[in-house]
Amino acid sequence: MNGTMTGQVTIRKCEALEEMQACFALQKEVWKFADADLIPVRMFVVAAKIGGQVIGAFVQRNDKRNDERDDETELIGFALAIPGMRNGYCYLHSQMLAIRQQYRNGGLGRRMKLYQREEALARSFELMEWTFDPLEIKNAYLNIEKLGAIARRYNVNQYGITSSPLQGGLPSDRLVAVWGMKSKRVEAVLANAPRAELECRARIEVPAAIYEWKAEAATRAQALAVQGSNREQFRRAFAEGLSVLGYERDEHGNGRFLLGEWDEARR
């Protein structure tokens, strides 16, 4: 598949070892993991060779100091996915998506997910899953509202207490995003078409202050309390057969998960 140009950014597959090494370096830059938590270069290489995805976002680097380096590209984002199987059904698990800080909040993350979708569908994959922190408001909004994923599984402390300061020392609880890439729901979301009306049965709140609370030792207990309360609400709702089908953000930046009954016929 050829790369796609989005403004000044080219999105394409990573193939060269140097590109895999650049993905590894960007992973460390974004999450600031200790070495033990890093996904090694060899895993990027293996993923690309066994039917997964290593997709990069590149910008042109015009370094006039050395003619040999003119027109080189620089990696500013990547997505890593590996193939999986559940109940005899093959899917892609998107393990990681990273974007350099100065290129965030401009829609690049969504464009990269759409490239993942296009590449996956070309190889007959129709389902993609990934995990995300339910305390990350912008990410949740992207996954549910801008991509059309749903969530109905909650994993408690999936990776343990990680070394990334972004986690704030909290347990690494994760929701599982389920992206039926050819579903009616996803196609409607991507086309900005009307969706089936959501009969909301439960709401789970995430305060905008959660980022500040996680970042400071003095207020981390407040973040932990929100996580614990929401964890129980999610697990109870999922046990009752509900799914995350919507997400709201108010003018103050607070987030709210909207849960209802998922009709498989709408997939």
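The values are calculated or read from the model by the stated rules, or taken from the named source; none is laboratory data. Being a predicted model, the structure only gives us computed values, none of them experimental. Backbone-built Cβ (ideal geometry, glycine too); neighbour counts: all protein chains shown. Quick note on the areas: whole protein, heavy atoms, side chains included, nothing else; ligands and nucleic acids left out. Shrake-Rupley method; radii C 1.70, N 1.55, O 1.52, S 1.80 Å.
Worth pointing out:
- Accessible surface of residue 141 - all protein chains present, 1.4 Å probe, nearest 10 Å²: 60 Å²
- The protection proxy used here, the mean number of other Cβ atoms lying within 10 Å of each residue, ranks peptides 124-133, 211-220 as follows, highest first: 124-133, 211-220.
- Using alpha-carbon coordinates, inclination of helix 108-122 to the longest axis of the chain, degrees: 80 degrees
- For residue 100, net neighbour charge (Lys/Arg +1, Asp/Glu -1) across residues whose Cβ lies under 10 Å away: -1
- Cross-link check: pairs 146/184; 32/214; 13/49; 49/146 evaluated at a Cα-Cα cut-off of 21 Å; pairs beyond the cut-off: 49/146.
- What a 1.4 Å probe finds exposed on the chain is 48% carbon and sulfur by accessible area, rounded to a whole percent.
- Positive-pole candidate from 194, 253, 219, dipole of the stretch 192-267, charges at beta carbon: 219
- Residue 240 versus residue 184: modelled label distance in nm, points set 7 Å from Cα along the beta carbon direction: 2.5 nm
- Helix axis angle, 17-31 relative to the chain longest principal axis, alpha carbon, degrees: 40 degrees
- Cβ-placed point charges (K, R +1; D, E -1), dipole of the chain about Cα centre in debye, nearest 20: 480 debye
- Considering helices alone, the calculated mean residue ellipticity of the chain at 222 nm is -8500 deg cm²/dmol, with DSSP H runs of length four and up weighted by -39500 (n - 2.57) and normalised per residue.
- Solvent-accessible area per residue, Å², over the chain with all protein chains present [probe radius 1.4 Å]: 52 Å²
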